[in-house]
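Asker: Below: one structure in structure tokens.
The values are calculated or read from the model by the stated rules, or taken from the named source; none is laboratory data. Model, not experiment: these values are computed from the prediction. With ideal geometry, Cβ positions are generated from the backbone for all residues, glycine too; neighbour counts draw on all protein chains shown. Surface accessibility is based on the protein's heavy atoms, side chains included, excluding ligands, DNA and RNA. Shrake-Rupley method; radii C 1.70, N 1.55, O 1.52, S 1.80 Å.
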Amino acid sequence: MRLPAGHGSELRTAPRPGREDPRLRFARRAGRAVSALSRRLGLGAGGVIGGRVLLKIAPAAVSTLAVDRDVFLVSGTNGKTTTSALLTAALRYRGPTDTNADGANTPAGLANTLATGTADTVVLETDEGWLPWVVERTRPGTVLLLNLSRDQLHRHHEVGRVAALWRAAMSHVDLVVANADDPDVVWAALASRRQVWVAAGQHWTQDDVVCPRCGEQCRHEHGTWSCRCGLGRPAPDWWIQGDDLVSETTRVPLELGLPGDFNRANAAMAAAAAGARGVSPQSATRQMRQVSTVAGRYAVREHQGRRARLMLAKNPAGWLETIHMIASHDRPLVLAFNSDGVDGRDPSWLYDVPFHLLDGRPIIVVGRRATDLLVRLQLDGLTQVERGRDVVSALVDLPPGPVDVVANYTAFQDARRELSRAERQ
């Protein structure tokens, strides 16, 4: 795994000073000061820059600040932020819980969360490429592995390589709560001491054709998967049946404030993890019901009679899940697409997404790479498609009423800013 300069072996060999070590104490103060300055200058929340300063002064800060804390790590290509929010809500039933709610999931953001929080329990959304690094330093009690698929290939290795790195890291973990429907996740989780298997589902299987253990074909049929080498879908400990979350001994209604089957799967993962650590499924689901928006996702913003629901879809698997959710109605759509650094600079994966399922409704496409998406939709035969200037003007061009705005990562942040400015005017 490629690590940025300054985050290599020196962190693994640095001594662990005590909580009151003067160097760490100074680093925390410096990080807080830089974060506050960033906020005052309007440069953002400042957590990442504060974390960078902290790590520059005290490179072993993540290891030190994780000592004597009950750390939960949540990682996967899709669903990290939402699952972390749901798990945090569930664990707060038993006491205070810190989390990186801003989604800053690489070392600087994680360091800032550990440095600024005081709770003994910490839920850390963790970038999938950085997960082995974080496992080594925080020694988590529980790791949630959601899924693995192609994403940001200019930065990440191919899926099989990430799975191999995960597997090596999981050998140091006591408990892994894992998606039984993802072969790469299962192979990695089997290296841990204990597993809780959740039938979280997997609509996207194009990255699971090759068995992660032996390289032969992995066969998917009748809701299960297997390879002739013996690797196969384990019997789940938890699954979703109708509107309920079910185990061999428990059935509890899974009523959420978040839409979509994929969020029900995220909730099942969170409930299973909380249940393994002493929170009853009934209490966990009751707590999770309070979560209705996560870092702006699924928030509804009003603009001139249009009720825009914001959704994030950042890779083929994420777009497929979102399309499944919105295909059941005919709301107009605004699709926003960029290919900036954190989006992944190569937009060719758009051709793996079944956009034909969106035919028959008005669609306006915006963003810095709107042309790529526009061409892709036209090749799928969609006819009611137009090019727009930005999200706000696109909403005005659509009929009053509900509108779904679906965007990849930087386009999603652009949409939030545009709508916020429009509300202030």
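Asker: Within 10 Å of each candidate Cβ there may be at most 11 other Cβ atoms; applying that plus a DSSP loop requirement, which GluC sites (Glu not before Pro) in the stretch 220-287 survive?
Answerer: Those satisfying the criteria are E248.
Asker: Quick one: P(r) of the stretch 156-219 from all Cα-Cα pairs, 10 Å bins, percents rounded to integers, in order of increasing distance.
Answerer: Distribution as computed: 23, 54, 23, 0 percent.
Asker: Based on the Kirkwood radius over alpha-carbon pairs, what is the Stokes-Einstein translational diffusion coefficient of the stretch 283-391 at 37 °C with 0.692 mPa s viscosity, in µm²/s?
Answerer: Calculated translational D: 216 µm²/s.
Asker: Over all directions, how big on average is the projection of the convex hull of the alpha-carbon atoms in the stretch 111-171, in square nanometres?
Answerer: Mean projected area for the stretch 111-171: 4.7 nm², to one decimal.
Asker: How about the stretch 366-413: which trypsin sites (Lys or Arg not before Pro) there are in a DSSP loop, with at most 12 other Cβ atoms within 10 Å of their Cβ?
Answerer: Those satisfying the criteria are R389.
Asker: Now for a separate question. In percent, what relative contact order does the stretch 322-369 have, based on Cα pairs under 8 Å that are 6 or more apart in sequence?
Answerer: After rounding, I find 59 percent.
Asker: Count the DSSP beta bridges whose two residues both fall in the chain, then state the antiparallel fraction as a percent rounded to the nearest 5.
Answerer: Of all bridge pairs located within the chain, approximately 30 percent are antiparallel.
Asker: Something else now. With only Lys, Arg, Asp and Glu charged, each at its Cβ (+1 for the first two, -1 for the last two), find how big the charge dipole of the chain is about the Cα centre; round to the nearest 20 debye.
Answerer: 1620 debye
Asker: What are the equivalent ellipsoid semi-axes of the chain, built from the alpha-carbon gyration tensor (square roots of five times its eigenvalues), in whole angstrom, biggest first?
Answerer: For the chain, the ellipsoid semi-axes come out as 33, 28, 21 Å.
Asker: While we're here: Send over a whole-number figure in Å² for the accessible area per residue of the chain, probe 1.4 Å.
Answerer: Per-residue accessible area for the chain comes out at 42 Å².
Asker: To continue, here is another question. Which value results when the Cα radius of gyration for the stretch 81-194 is divided by 2.2 N^0.38 Å?
Answerer: Taking the Cα Rg and dividing by 2.2 N^0.38 Å, one obtains 1.04.
Asker: Also, quick follow-up: Working out 0.36 nm times the residue gap between S328 and R94, then minus their Cα-Cα distance, what length gain in nm do you get to one decimal?
Answerer: This chain segment gains 80.5 nm when fully extended.
Asker: Kindly write out, for the stretch 413-419 in residue order, the coupling ³J(HN,Hα) from the Karplus curve 6.51 cos²θ - 1.76 cosθ + 1.60 (θ = phi - 60°), rounded to whole Hz, with x marking Gly and Pro.
Answerer: Each residue's phi maps through the Karplus curve to give 5, 4, 4, 4, 5, 4, 5 Hz.
Asker: Under 37 °C and 0.692 mPa s, how fast does the stretch 322-368 diffuse according to Stokes-Einstein, given a Kirkwood radius computed over C-alpha pairs? Answer in µm²/s, whole number.
Answerer: So the translational diffusion coefficient is about 272 µm²/s.
Asker: Can you give the relative contact order of the chain as a percent, counting alpha carbon pairs under 8 Å and 6+ residues apart?
Answerer: Rounded, it is 12 percent for the chain.
Asker: Hey, what's the Kirkwood Rh for the stretch 342-424 if you take every pair of different alpha carbons, in angstrom?
Answerer: 13.7 Å
Asker: Something else about it: Roughly how many whole Å is it from the C-alpha centroid of the stretch 49-104 to that of the stretch 201-219?
Answerer: Cα centres, the stretch 49-104 to the stretch 201-219: 30 Å.
Asker: Helix-only mean residue ellipticity at 222 nm, the chain, DSSP H runs n ≥ 4 weighted -39,500 (n - 2.57), per residue, nearest 500. What is it?
Answerer: Mean residue ellipticity at 222 nm (helix-derived): -11000 deg cm²/dmol.
Asker: A further question follows. For the stretch 69-157, state which GluC sites (Glu not before Pro) are in a DSSP loop and have at most 13 other beta carbons lying within 10 Å of their beta carbon.
Answerer: Answer by residue number: there is no such site.
Asker: Once amide H atoms are placed 1.01 Å from N in the peptide plane, what residues at a sequence separation of 5 or more from V177, or on another chain, have their amide H within under 5 Å of its amide H?
Answerer: Here V143, L144, L145, V196 satisfy the definition.
Asker: Tell me the Kirkwood hydrodynamic radius of the stretch 165-279 in angstroms, computed as one over the mean inverse distance between distinct C-alpha pairs.
Answerer: After inverting the mean inverse Cα-Cα distance, the result is 14.8 Å.
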